[in-house]
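Shown next, in structure tokens, is the structure this report addresses.
Rule-based calculations on the coordinates, nothing more; no lab input. Predicted, not measured: the structure shown is a model, and the values here were computed from it. All Cβ positions, even for glycine, are placed from backbone atoms using ideal geometry, and neighbour counts span all protein chains on display.
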Amino acid sequence: MIEQLNLAMDAEPYSMAQADRETNLLAGVNELIAYHYNECAAYRRIIDGAWGRRTRFDRIDEIPYLPVSLFKTHKLQSIEDDQIRVTLTSSGTTGQAVSRIVLDKEASSLQQRALANSLMHILGRHRLPMLVIDTESVFKDPKMMSARGAGVLGIMRYGRDYAFALDPNLAPNFDTVREFLDKHKGAPFFMFGFTFMVWINFYEKFRSEGLDLSNGILIHSGGWKKMIEASVDNNSFREALNRTFGLKKIYNFYGMVEQIGTIFLEGPSGLLFPPNFADIIVRDPVTWQPSPIGEPGVVQILSLLPRSYPGNSLLTEDIGVIEQIDPNSDGFMGKGIKILGRIAKSELRGCSDVIGATVS
């Protein structure tokens, strides 16, 4: 299992061609299916009942999948309770069930390694000064600590010399931002925030301040429902930040807590690409067969990472479409996808889930 993951991570991030990716992923996921089948009784019952006790498959699109909602209602783990080091929880509004994903020491280490591997593709190998589009209170004040706060804290390990653009009331810290930009003038820096906050609390508040962010690299995700309600799509978002601040390096990502450390990163075309150790299948919601390129369907995601729980192949609650394969644009290979929205009546889930964690 580790052999296939090492092969994927030793290559340049996001560079593995689709054919090579599928060969490597199939071998690794087959091993993981057999492992989880032996170690997780609930997973074994699902495989026995729905897939006829098969634990080895010949093609990626044959691999069994679990609906992500299952983690909200069932305890699925392939480790003993005394091995649990970290429990990841999805965000949710009051009354919604949350997913609980358990990690042991090895799985937690793999999550961090995988995330670092993905971010290295756009940030380089050295930590950059970091401007956080949030308030420091989001993880320092227990009353505010949430999946969002844990997400900010998790991403911060990949930056340095932190500055926070917002005060505890989410009002702009104008002086702090100007001091940060003056200190790092002419040098690259890293910005992170959840999409709706970047727009509402940063763009709308700072757009008349004449800031030069041309050396910045922005990574953002989450809150697209609020953005759509404000009639702001991804292209409008990028164009506004470029026009107002000179910010050109803008990267959205897609991921979820149910697949630790796996983020689909936005390439220059605006499409999202899986890391070398993951893949995506779009399935027709009527036949459940793989949809051809250009045809939307329900998103299934696969990853070599989950080992402490059976999350290697998940059927999400998202609708997506594969637009192209192996474009080799800025090194991005594999399937370029668009996420079109949520399946009707499915629960909302925040993208801060990707990194959000609470120590068990």
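Taking the Cα centre of the chain as origin and assigning +1 to Lys and Arg Cβ atoms and -1 to Asp and Glu Cβ atoms, the resulting dipole is close to 500 debye. Using the Cβ-Cβ distance between residue 109 and residue 3 with R0 = 25 Å, the FRET efficiency computed as 1/(1 + (r/R0)^6) comes to roughly 0.90. The alpha-carbon positions of region 30-98 define a convex hull whose volume is 117 Å³ per residue. The share of Cα pairs per 5 Å bin across region 1-138, counted from zero up to the longest distance, runs 2, 8, 13, 16, 18, 19, 13, 8, 4, 1, 0 percent. Between 44, 342, 53, where does the largest GNM mean-square fluctuation fall for the chain, given springs only between Cα atoms within less than 10 Å? Of 44, 342, 53, the Gaussian network model singles out 53 as fluctuating most. Between residue 295 and residue 10, the simple label model (points 7 Å from Cα in the Cβ direction) yields a spacing of 3.8 nm. As a size descriptor, the averaged projected area of the C-alpha convex hull of region 265-305 was calculated at 3.4 nm². For the chain, the longest principal axis of the alpha carbon atoms and the long axis of helix 18-39 meet at an angle near 60°. Within region 214-297, all pairs of alpha-carbon atoms sorted by distance into 5 Å bins from zero give the percentages 3, 12, 17, 20, 21, 15, 8, 3, 1, 0.
Sort region 70-125 into rounded, prolate or oblate with this rule: let a ≥ b ≥ c be the square roots of the eigenvalues of the Cα gyration tensor; rounded if a/c is under 1.5, and if a/c is not under 1.5, prolate when a/b is larger than b/c, oblate otherwise.
oblate
For helix 41-50, report the angle its Cα long axis makes with the longest principal axis of the Cα atoms of the chain; keep it between 0 and 90° and round to the nearest 10°. Computed tilt is about 70 degrees.
Using every pair of separate Cα atoms, the Kirkwood estimate puts the hydrodynamic radius of region 103-187 at 14.3 angstrom.
For region 149-238, compute the number of Lys pairs whose alpha carbons are separated by less than 25 Å, excluding pairs fewer than 8 positions apart on the same chain.
4
The angle between the Cα long axis of helix 234-245 and the longest principal axis of the Cα atoms of the chain comes to about 30 degrees, rounded to the nearest 10. Set the Cα radius of gyration of region 177-242 against 2.2 N^0.38 Å, with N its number of residues, and you get 1.14.
For a Förster distance of 56 Å, can you work out the FRET efficiency between the beta-carbons of residue 54 and residue 200, rounded to the nearest 0.05? Working from the Cβ atoms, E equals 0.70. Please work out, to two decimal places, the log10 of the ratio I(q)/I(0) at q = 0.19 Å⁻¹ from a Debye calculation in which every Cα of region 193-347 carries one identical scatterer. Each listed q maps to, in turn, -1.23. The Stokes-Einstein estimate for region 267-352, based on a Kirkwood radius over Cα pairs and taken at 10 °C with 1.306 mPa s viscosity, is a diffusion coefficient of 116 µm²/s. Comparing the chain with the 2.2 N^0.38 Å rule of thumb, its C-alpha radius of gyration ratio is 0.97 (two decimals).
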